[in-house]
1. Could you check TRP92 against (1) open to solvent by less than 60 Å² (accessible area, probe 1.4 Å); (2) part of a loop (DSSP other than H, G, I, E, B); (3) of a type in the set (Phe, Trp, Tyr) and say which number it fails?
2. Residues being more than 12 Å from the chain's Cα centre (by Cα) and under 15 Å from ASP125 (Cα atoms): count how many of those fall in region 44-54.
3. Which residue pairs have Cβ atoms under 6 Å apart, sit 6 or more places apart or on different chains, and have a first residue in region 59-74 that is more than 30 Å from ASP17 (Cα to Cα) and a second that is crowded, with 18+ Cβ neighbours inside 10 Å?
4. Any idea which of (1) touching a helix residue (DSSP H, G or I) at 6+ places or on another chain (Cβ under 7 Å); (2) modelled with pLDDT of 95 or more is the one THR130 doesn't satisfy?
5. Taking the criterion of being open to solvent by 60 Å² or more (accessible area, probe 1.4 Å) and assigned to a loop (DSSP other than H, G, I, E, B), would at least one residue in region 127-136 satisfy it?
6. Given ARG76, ARG63, which one is among the charged types (D, E, K, R), closer than 22 Å to ASP31 by Cβ and either open to solvent by 70 Å² or more (accessible area, probe 1.4 Å) or in a helix (DSSP H, G or I) (or both)?
7. Is there a residue being open to solvent by 70 Å² or more (accessible area, probe 1.4 Å) and either closer than 23 Å to LEU62 by Cβ or part of a strand (DSSP E or B) (or both) anywhere in region 141-149?
8. Among residues belonging to region 95-115 that are under 19 Å from VAL19 (Cβ atoms) and either among the aliphatic types (A, V, I, L, M) or touching a Pro at 6+ places or on another chain (Cβ under 7 Å) (or both), point out the one that is most open to solvent (accessible area, probe 1.4 Å).
Amino acid sequence: MSLSEDFLTADDLHPIDIVETLAEHRAWEFDRVTDDQIAMAVEGQWRTYSLTLAWSAREETLRLLCTFDMDPPAGRLAALHDLINRVNDDCWCGAFTWWAEQRLMVWRYGLMLTGGQSAAPEQIDRMIATAVTASERFYPAFQLATWGGRDPAEAVQVAIAEAYGRA
């Protein structure tokens, strides 16, 4: 059964209602912060990622933030910024940014639903999966460039592209 089949009877579903149903389906810890916002914890290989999805009716955009703690040494911030630029060149659906004050690495994405469009559960599921996959893929590179003292060009090489086929 596809994700959409769970939602066929509703005419106008709120995007955060869809996210909540997905979180329940995936058995993720979540908190419905407000009618327009939900926070979740998604376990990855490297760490647990904090995801927040928020609906902005004014901008007709579903925003996704996927964050994880980082505390890079002050002397490695230039390398981190260089690496973020390199990493973002490989990302077409979202981007990383560093929030220095909060000490967080952030993956950001916005799904625009202008003109009264609604999001399909598959779209939201893909948004979440893309955020976690990108965080998992590049987490080792962020660690190598900041704590391992590696050159950003070298560190990004550990971010192996998705494999296709079978060995």
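1. The failed condition is (1).
2. 1
3. Close Cβ pairs (under 6 Å, with a partner that is crowded, with 18+ Cβ neighbours inside 10 Å) amount to MET70/MET105; PRO72/LEU80; PRO72/THR146.
4. It fails just one condition, (1).
5. Within region 127-136, the subset open to solvent by 60 Å² or more (accessible area, probe 1.4 Å) is 133.
Subset that is assigned to a loop (DSSP other than H, G, I, E, B): none.
Taking every residue of region 127-136 in turn, none turns out to be open to solvent by 60 Å² or more (accessible area, probe 1.4 Å) and assigned to a loop (DSSP other than H, G, I, E, B).
6. Numbers: ARG76 fails: closer than 22 Å to ASP31 by Cβ.
From the options ARG76, ARG63, the qualifying one is ARG63.
7. In the first step, residues of region 141-149 are kept if they are open to solvent by 70 Å² or more (accessible area, probe 1.4 Å); the result is 147.
Those left that are additionally either closer than 23 Å to LEU62 by Cβ or part of a strand (DSSP E or B) (or both): none.
The answer is no, given that none of the residues of region 141-149 is open to solvent by 70 Å² or more (accessible area, probe 1.4 Å) and either closer than 23 Å to LEU62 by Cβ or part of a strand (DSSP E or B) (or both).
8. Filtering region 95-115 for residues that are under 19 Å from VAL19 (Cβ atoms) and either among the aliphatic types (A, V, I, L, M) or touching a Pro at 6+ places or on another chain (Cβ under 7 Å) (or both), the one most open to solvent (accessible area, probe 1.4 Å) comes out as MET112.
The values are calculated or read from the model by the stated rules, or taken from the named source; none is laboratory data. Bear in mind that the values here come from a model prediction, so they are computed numbers and not experimental data. Quick reminder, even Gly has a Cβ in these numbers, built from the backbone with ideal geometry, and neighbours come from all protein chains shown. Surface accessibility is based on the protein's heavy atoms, side chains included, excluding ligands, DNA and RNA. Shrake-Rupley method; radii C 1.70, N 1.55, O 1.52, S 1.80 Å.
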